[in-house]
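We did not get these values from a lab; they are worked out from the coordinates using the rules stated. Note that the coordinates shown come from a computational prediction; the quantities given were computed from them, not determined experimentally. Here Cβ is always computed from backbone atoms with ideal geometry, including for glycine, and neighbour counts include all displayed protein chains.
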Amino acid sequence: MVFTPRDQISGDAMRRIAIINQKGGVGKTTTAVNLAAALAKQGERVCVLDLDPQAHATTNFGLEPDGERPSIYDVLVRNRTMADVRKEVGENLSLVASDINLAGAEVELAGMVGREVILREAMTQDTEEFDFLLMDCAPSLGVLTINALAAADEVFIPLQPHFFALHGLSKLLETTALVARRINPGLTVSGVVLCLYDGNTRLAQEVVRDLREFLAQSRGTNRPWAAAKVFDAKIRRNIKLAECPSFGRTIFEYAPKSTGAEDYAALALEVSGVIEVGSPAEPEMAAA
Ligand SMILES: Nc1ncnc2c1ncn2[C@@H]1O[C@H](COP(=O)(O)OP(=O)(O)O)[C@@H](O)[C@H]1O
Ligand SMILES: [Mg+2]
């Protein structure tokens, strides 16, 4: 099978971003939901795709993942279009929901030819224009996450800076390299989002330093993460961010003056500004 690089499929400027980490509890969903809301507030047209059977992003937007309404499952398994299952959840903000049925998708897709690129095909056929498409992935590197990587141009990796944070990272990056080699040559790891950040601890600072050193080793190579950076905007630990999902609200609806809202607004500005892909190490490193 021959795969066409993304920029030959469509000339539009939509940025398709897969938010991945095979570890749970690192801030993927919180980032997908609140970065999306922040970008939408800045006037960007944003669509969130919930690719996790746990459907936390769906719940966070106030929808019940009860298996009753159309969801991404219907796109992947039943050939429905993205337009069929997409729903508006705010100004400039749409959601393709997940539901409990998605838990079976892995098995149902097992024998299907081209199962890794179903999502990409569905996106290619979709005519609706967005500036950003954010894919919230499950904590695994299974077929759903591979579908996200095959459909994405960019990867964001949320990371909680603790002692073992870097351990899973090489496996995750190797997976992006494999997908880039076999299915999606244009795939790029844009950066790491530090979540649940306690900036004043020595541990957090050490992890950030190790992470930068690790990423710097790949500069100038053809690895998908050769230009990856640690985003300057760090998401501090903030109780409001933990509370808002249970109210079915984003941080901007629930606690617009919180540090959580402030941090995701800052991240959105950094993300929507032109990211210097291919730029050398971060300024701090260059200065060091
Ligand atoms: N910056 C933060 N401050 C406080 N709690 C957070 C923060 N980011 C995430 N959380 C909470 O931590 C838990 C895990 O975050 P989540 O985004 O669901 O991770 P993942 O999607 O990677 O499993 C959730 O209960 C979430 O509300
Ligand atoms: Mg999640």
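Could you calculate the FRET efficiency of Val113 with Arg237 from 1/(1 + (r/R0)^6), where r is the beta carbon distance between them and R0 is 45 Å, rounded to 0.05?
Once the sixth-power term is evaluated, E becomes 0.50.
Looking only at chymotrypsin sites (Phe, Trp or Tyr not before Pro) in DSSP loops with at most 11 other Cβ atoms within 10 Å, what is the longest site-free stretch of the chain?
In the chain, the maximal stretch lacking such sites is 1-162.
Which of the peptides 83-92, 117-126, 136-145 is most tightly packed, and how do the rest follow, going by the mean number of other Cβ atoms within 10 Å of each residue?
Top to bottom by mean Cβ count within 10 Å: 136-145, 117-126, 83-92.
GNM on the chain, C-alpha springs below 10 Å: top fluctuator among Thr30, Thr58, Thr259?
Ranking Thr30, Thr58, Thr259 by mean-square fluctuation puts Thr259 first.
Let me have the relative contact order for the range 11-276, percent, based on Cα pairs under 8 Å that are six or more residues apart.
For the range 11-276, the relative contact order is 25 percent.
7 Å from Cα along Cα→Cβ at both Ala103 and Ser246: what's the point-to-point distance in nm?
2.2
Note down the nm distance, to one decimal, between modelled labels 7 Å out along Cα→Cβ at Gln205 and at Arg182.
Modelled inter-label distance: 4.3 nm.
Find how much the distance from Gln217 to Arg80 grows on full extension, using 0.36 nm per residue of separation minus their present alpha carbon separation; answer in nm with one decimal.
Here the answer is 45.0 nm.
DSSP beta bridges in the chain, what fraction antiparallel, as a percent rounded to 5?
DSSP beta bridges in the chain are roughly 15 percent antiparallel.
Classify the range 1-141: rounded, prolate or oblate, from the alpha-carbon gyration tensor (a ≥ b ≥ c, eigenvalue square roots; a/c under 1.5 rounded; otherwise prolate if a/b is larger than b/c)?
rounded
Placing +1 at every Lys and Arg Cβ and -1 at every Asp and Glu Cβ, with all other atoms neutral, what dipole size does the range 11-276 have around its Cα centre, in debye to the nearest 20?
Dipole about the Cα centre, nearest 20: 800 debye.
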